[in-house]
There are 2 protein chains.
Amino acid sequence: MKTTQIGNAWKGAERCENCAIRHLVLFSDLQKSDFDQIHQPIDDISYKPGSIVYGQSDHMEFVYTIRSGLVKLVQYLPDGNLRIVRILGQGELLGIESLNTQVAEHKAITLDPVQLCRIPHSVITLLQQNSPGIHNALIARWQKMLNMADLWITQLSTGKIRTRVSRLLLLLSKNSLDDTFYMPTREDIGNILGITTESASKVTAEFKRNGWLKLLENNHAQVDENKLEI
Amino acid sequence: MKTTQIGNAWKGAERCENCAIRHLVLFSDLQKSDFDQIHQPIDDISYKPGSIVYGQSDHMEFVYTIRSGLVKLVQYLPDGNLRIVRILGQGELLGIESLNTQVAEHKAITLDPVQLCRIPHSVITLLQQNSPGIHNALIARWQKMLNMADLWITQLSTGKIRTRVSRLLLLLSKNSLDDTFYMPTREDIGNILGITTESASKVTAEFKRNGWLKLLENNHAQVDENKLEI
DNA sequence: CGCGCAATTGAGTTATATCAAATACGGTGG
DNA sequence: CCACCGTATTTGATATAACTCAATTGCGCG
């Protein structure tokens, strides 16, 4: 299942300092001297779509920065049902909650090809003691996660199905760099919105017939932002 | 509306140090010397039920610790609809997001008689610079909020109405100190679960008929935890 | 080219919303 | 203390939305 290809592992964080997306990640505020403190290896790992990064209730010794790709966070209900509670993208942090509890609150599954940096908890702990800048970066991620959770409640769990699918597609579209975006499977759409796969399919098929939604290759899609109802 | 009775205002934080619920609040880890840094007044304010502590998008210069009572956080949708995204109780922090953005993400309304400590942002900022212990306290609150948000998504926005009402009542019951709990209005239950007031009423009325839910005076209630389906 | 999974579609059922009316309740003033 | 008023809650009948189940089609991959 977890078909990870361990790429460039290296000691310490020499390359973090020159990382192409450093401005987007946790270490954006750090100084040269801060990086010198880091002696544990920070690995750069590639995942195929559908890989499990970690499971709910897993004991965690790492957090993960998303370099590229999308990851869904899934939570299971006592009755076996599940709900996708967030989708995280570039620059966001996986397993942030485990920094305090050592335990993962969610199952994290990649949606498309994903590259992650795996950061040992001990690195974060060390930086927290010596590099005050890290605090704001962590808080910012907590805040973004909470905003997204609230959005999930108000926009994606409220109202008629057609409205909610619209909101989801618009959200995916806006968060994308170009005018196309990753189109989740109908099953995932169902688990994001708390509806059945069939209902998700009926609405997306209708949007396609109306020409408001166009499916492209590679699980991507494009929407007409003016036609979709909010 | 906002009928606040400003109670004991005082300079600095002499009384914070000896606060009866200090172990529950943001300042639990602070030392004597930390309190000496605080020179802005931290006011203790009482609110009647239904008072607006602050509005969505308000410019914020304070955060609020809940000394007692319950506060609902409400968010409005573009179409005027609303959803209650959280209910906060003793020891929790209102307006935590405004520490970074200066703007409130929610409207905060008291459910029952509430006592809050109003803490200027500047106090938190100061402590963040000089008293590292405050960071963990803040992170812990972010984490608790996020856990609650996820619970709202998975437990309270997923499944049939009867199940969701059950989960809500059980949740309220478990979070209560004694075996009774604050019973929200049917309208609030609707806005918590994303259902209509009538549906909320029909289910709660049914629970009452079955003897699984007993209404007490003072908007309190009691449930038979074994009978309510999860 | 065919296989297997994902997506779509349709018919029938069930759950929930809607609309309207009746009842219960709490607080206020006499 | 009681009657009254306004609001919250309950209830019922009906309309609509969503789910369920089953069958079919479409699509990517070997």
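Please treat every number below as a calculation from the coordinates, not as lab data. Just so it is clear, the structure is predicted and the values come from calculations on it, not from any experiment. Virtual Cβ from ideal backbone geometry, glycine too; neighbours counted across all protein chains shown.
Return the lysines within reach of residue B:208: Cα separation strictly under 18 angstrom, same-chain partners fewer than 8 residues apart disregarded; answer none if there are no such residues. In chain and number order, the partners are B:227. Computed from backbone phi with θ = phi - 60° and the Karplus coefficients 6.51, -1.76 and 1.60, the 3J(HN,Hα) list for the stretch A:44-61 is 9, 10, 9, 10, 7, x, x, 7, 8, 6, 7, x, 4, 6, 4, 6, 10, 10 Hz; x is used for glycine and proline. Using all Cα-Cα distances in the stretch B:18-63, what percent lands in each 10 angstrom bin from 0 up to the longest? Calculated over all Cα pairs of the stretch B:18-63, the distribution is 17, 43, 31, 9 percent. Under 20 Å from a point placed 7 Å out from the Cα of residue A:103 along the Cα-to-Cβ direction: which residues of the stretch A:119-139 have their backbone N that close? Those under the cut-off are A:121-122. At q = 0.11, 0.18 Å⁻¹ the log10 of I(q)/I(0) for the stretch B:115-195 amounts to -0.47, -0.87, computed by Debye summation with a single uniform scatterer per C-alpha, solvent ignored. Note on A:122-135: average number of Cβ atoms from other chains within 10 Å of each residue's Cβ is 1. The phi-based Karplus calculation (6.51 cos²θ - 1.76 cosθ + 1.60; θ = phi - 60°) puts the 3J(HN,Hα) values of the stretch A:25-35 at 10, 4, 9, 4, 8, 6, 9, 3, 5, 5, 5 Hz, whole numbers, x for Gly and Pro. Of all aspartates and glutamates in the structure, the ones whose alpha carbon falls short of 13 Å from that of residue B:48, not counting any fewer than 8 places away in one chain, are B:112. Using R0 = 30 Å, the C-beta based FRET efficiency linking residue A:112 and residue A:205 works out to 0.85.
With the charge dipole of the protein assembly as shown set up from +1 on Lys and Arg Cβ and -1 on Asp and Glu Cβ about the Cα centre, the Cα lying farthest toward the positive end among the listed residues A:50, B:100, B:21 is that of A:50.
Listed by chain and number, the lysines whose C-alpha is less than 20 Å from the C-alpha of residue A:32, apart from same-chain residues fewer than 8 away, are A:11. Averaged over every viewing direction, what's the projected area of the C-alpha convex hull for the stretch A:161-223? Give it in nm², one decimal, please. Averaged projected area of the stretch A:161-223's Cα convex hull equals 3.8 nm². So, with +1 on the Cβ of K and R and -1 on the Cβ of D and E, and no other charges, what is the size of the charge dipole of chain A about its Cα centre, to the nearest 20 debye? Value, rounded to 20: 580 debye. For peptide B:136-146, the mean count of partner chain Cβ atoms within 10 Å of a residue's Cβ comes to 5. Kirkwood hydrodynamic radius computed over chain A comes to 18.8 Å, based on all pairs of distinct alpha carbons. Rounded to a whole number of µm²/s, how large is the Stokes-Einstein D of the stretch A:58-179 at 37 °C and 0.692 mPa s, given Rh as the Kirkwood radius over C-alpha pairs? The diffusion coefficient I find is 208 µm²/s. Based on C-alpha pairs under 8 angstrom that are at least 6 apart in sequence, the stretch A:161-223 has a relative contact order of 37 percent. Which shape class applies to the stretch B:4-133: rounded if a/c is under 1.5, otherwise prolate when a/b exceeds b/c and oblate if not, where a ≥ b ≥ c are the square roots of the Cα gyration tensor eigenvalues? Prolate. Cα convex hull, the protein assembly as shown: 156 Å³ per residue, rounded to a whole number. Using bins of 10 Å that start at zero, the share of Cα-Cα pairs per bin across the stretch A:101-162 amounts to 15, 33, 35, 13, 4, in whole %. Compared with the dominant principal axis of the Cα atoms in chain A, helix A:121-130 is inclined by about 60°.
Position residue A:224: other-copy label points at 5.7 nm, ordered by increasing distance, label point 7 Å along Cα→C-beta. Inter-copy label distances for residue A:147: 2.5 nm (label point placed 7 Å from Cα along Cα→Cβ; shortest first).
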